[in-house]
Amino acid sequence: MSFEVSVFAPASVSNVACGFDVFGFAISGLGDLVRVRRSSDSGPSLVISDVTGDDGLLPREPDRNTAGRAAAAAMKALGIDFGIELEIHKQMPISSGLGSSAASAAGAAAAVAILARNESEKSIDRCQLINSALDGEQLASGGRHADNVAPSLLGGFVLVRSLDPVPDVIEIHPPSWLSCALILPDLSIDTRGARERLGDTVSLSSAIKQWANTATLSLALERGDADMARRALVDHIAEPVRKDSVPGFEDVQKAALSAGALGCSLSGSGPALFALCRDETEDLSETKSVATAMSEALLRGGGCDSRPLATRVATRGAAVDLDLS
Ligand code: HSE
């Protein structure tokens, strides 16, 4: 009997201010649902049979679609010799800065791996799975960075130490009080263009400040030290170049900090903005107040509507049902 596999891949916040291309965490409540099943084709083939929630924006040809690319890479890594049908159900906005393409890619790679295990007892390791998702993500972003695909696959808060020669992704254990206020402005930003704007070089003085903050944030989260996290949540590399792509960015940042957030910056390449908070309430009431303050500041300062959200780090990633070696 042929199984159908449905996988939910969470959205993610990447960079987390100081960790350009290296920090990312999965968030609860938003993401993509990806479904795969064995098709009647006898040889290895891949068809995208349904896409919903994308307003017709995503390519339907597998090799031009991030989920299709990731699924094909996972099929190749697994040596799959049968046909697969893939469905993508977007449950989050596209080009929002919340790792939409990464969620599709992570969901597709994980779903193919689960199908292969069920159908033919073939398995994939963690590095192969991350690399498969990266093949998809690279199509959208133009660069190879795992700060969205790794948390989307694995859940939690991660540090991507290196991708070369193989992905070295380290789990960080944030304190239970950590929460995240988000706003999703009515704008869209193309990650590829946003990466090109950064150029290839940074000054040594910026690099020193950045790696000091990156190391400090890792320690602050592991120790549960909110004041240390507050000092580290500063981006000297990407934010100075990218912040003008969200009119009113500085008003939002100030509003978040005044409302009690530990730090606020662009989520990935934006336009979503995130703020990390210390919130021990069950209903995230303090985080919701921060998100509302951010949304109001964006309207006042940038004339732009946005959707406020309050969330926590999601512990379950797309690969949660795979025993990854
Ligand atoms: N680290 C990447 C960037 C994330 O900022 O370009 C893109 O989602």
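Between the Cα long axis of helix 204-223 and the first principal axis of the chain there is an angle of about 80°, rounded to the nearest 10.
Quick check: from the Cα gyration tensor, does the stretch 178-311 come out rounded (a/c under 1.5), prolate or oblate? Cα axes put the stretch 178-311 in the oblate bin. Of the candidates 198, 221, 115, which one comes out as most mobile in a Gaussian network treatment of the chain with C-alpha springs shorter than 10 Å? Ranking 198, 221, 115 by mean-square fluctuation puts 198 first. Size descriptor for the stretch 1-78, Kirkwood hydrodynamic radius: 14.8 Å (Cα pairs only, one decimal).
Convex hull volume per residue, computed on the Cα atoms of the stretch 4-171, equals 99 Å³. Counting only Cα atoms, the chain measures 60, 43, 37 Å along its principal axes, largest extent leading.
The order of 25, 3, 20 by accessible area, most exposed first and with a 1.4 Å probe, is 3, 20, 25. Over the chain, accessible surface divided per residue gives 42 Å², non-protein components excluded, 1.4 Å probe.
Rounded to the nearest 10 degrees, the angle from helix 100-120 to the longest Cα principal axis of the chain is 30 degrees. For the chain, the longest principal axis of the Cα atoms and the long axis of helix 249-258 meet at an angle of about 70 degrees. All other residues whose Cβ lies under 14 angstrom from that of residue 159 are scored, Lys and Arg at +1 and Asp and Glu at -1, for a net of -4.
If we count every other residue with Cβ under 13 angstrom of residue 181's Cβ, Lys/Arg +1 and Asp/Glu -1, where does the sum land? Mind showing how you got there, number by number?
On the way: positive: 278, 288, 307, 312; negative: 279, 286, 296.
Within the 13 Å Cβ shell, the charges total +1.
For the chain, the dipole from Cβ point charges (+1 on Lys and Arg, -1 on Asp and Glu) about the Cα centre works out to 380 debye, to the nearest 20.
A 1.4 Å probe over all protein chains sorts 166, 246 by accessible area into 166, 246, starting with the largest.
Only protein atoms count toward the accessible area here, which uses a 1.4 Å probe; on the chain, the carbon and sulfur part of that area reaches 49 percent.
Tally Lys and Arg at +1 and Asp and Glu at -1 over the other residues with C-beta under 13 Å from the C-beta of residue 281: what net charge comes out? Residues near residue 281 contribute -2 overall.
In terms of the Cα gyration tensor, with a ≥ b ≥ c the square roots of its eigenvalues, is the stretch 122-206 rounded because a/c is under 1.5, prolate because a/b exceeds b/c, or oblate? Verdict is rounded for the stretch 122-206. Accessible area ranking (1.4 Å probe, heavy atoms, ligands and nucleic acids excluded), largest first, for 104, 40: 40, 104. The HN-Hα couplings worked out from phi for the stretch 286-296 by the Karplus form 6.51 cos²θ - 1.76 cosθ + 1.60 (θ = phi - 60°) are 5, 5, 4, 5, 5, 5, 5, 4, 5, 5, 5 Hz, whole numbers, x standing for Gly and Pro. Its relative contact order, with pairs defined as Cα atoms under 8 Å and 6+ residues apart, puts the stretch 1-160 at 33 percent.
The values are calculated or read from the model by the stated rules, or taken from the named source; none is laboratory data. Please read all numbers here as calculations on a predicted model, not as lab measurements. As a convention, Cβ positions derive from the backbone with ideal geometry for all residues, glycine included, and neighbour counts pool all protein chains shown. SASA here: full protein model, heavy atoms, side chains in, ligands and nucleic acids out. Shrake-Rupley method; radii C 1.70, N 1.55, O 1.52, S 1.80 Å.
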